[in-house]
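Enquirer: I am attaching a structure below and will ask some questions about it afterwards.
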Amino acid sequence: MPFLPKTRWRQLHRWVVPISAAPLLLTAATGSLYSLLLEQGIDAFWLLKIHSGRFGPLNLQPYYSGLLGLFTLVVIGSGLALLISSRRAKA
């Protein structure tokens, strides 16, 4: 795979990160909020459903943890590619 110029990596990173980070942030937020509410004696079970990938009629539970792992790797990979391309440009 030929290395892309730094500007291309930045464009790719800016496009990929919001798409990949949204489910990661949603999972972190619903898990934290559920834990906080449970300490207050409120059992908001619907937050656990969202946390595990069930969005009403759309049930991604069998695939959601794999997707989160893949999205994490995509964000890390695009960030590392951007870092590597900037270091190559300096050398």
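Enquirer: Once the Cα atoms of helix 6-39 and of the chain are each reduced to a long axis, what angle between those two axes, in degrees from 0 to 90 to the nearest 10, is obtained?
Expert: With rounding to tens, the tilt is 20 degrees.
Enquirer: Then there is this: Residue by residue through region 47-54, what is 3J(HN,Hα) from phi via Karplus (6.51 cos²θ - 1.76 cosθ + 1.60, θ = phi - 60°)? Round to whole Hz and write x for glycine and proline.
Expert: Working through the residues one at a time gives 5, 5, 5, 5, 4, 9, x, 9 Hz.
Enquirer: What's the angle, to the nearest 10 degrees (0 to 90), between helix 61-90's Cα axis and the longest principal axis of the chain?
Expert: Around 30 degrees separate the two axes.
Enquirer: While we're looking at this one, here's another question. Given 10 Å bins starting at zero, what is the percent of C-alpha pairs of the chain in each, up to the one with the largest pair distance?
Expert: 16, 34, 24, 17, 8, 2
Enquirer: Whole number in Å², please: accessible area per residue of the chain, 1.4 Å probe, ligands, DNA and RNA not counted.
Expert: 73
The values are calculated or read from the model by the stated rules, or taken from the named source; none is laboratory data. Please read these numbers as outputs of a predicted model, since none were measured by experiment. Protein only, heavy atoms only, side chains kept; ligands, DNA and RNA dropped before computing areas. Shrake-Rupley method; radii C 1.70, N 1.55, O 1.52, S 1.80 Å.
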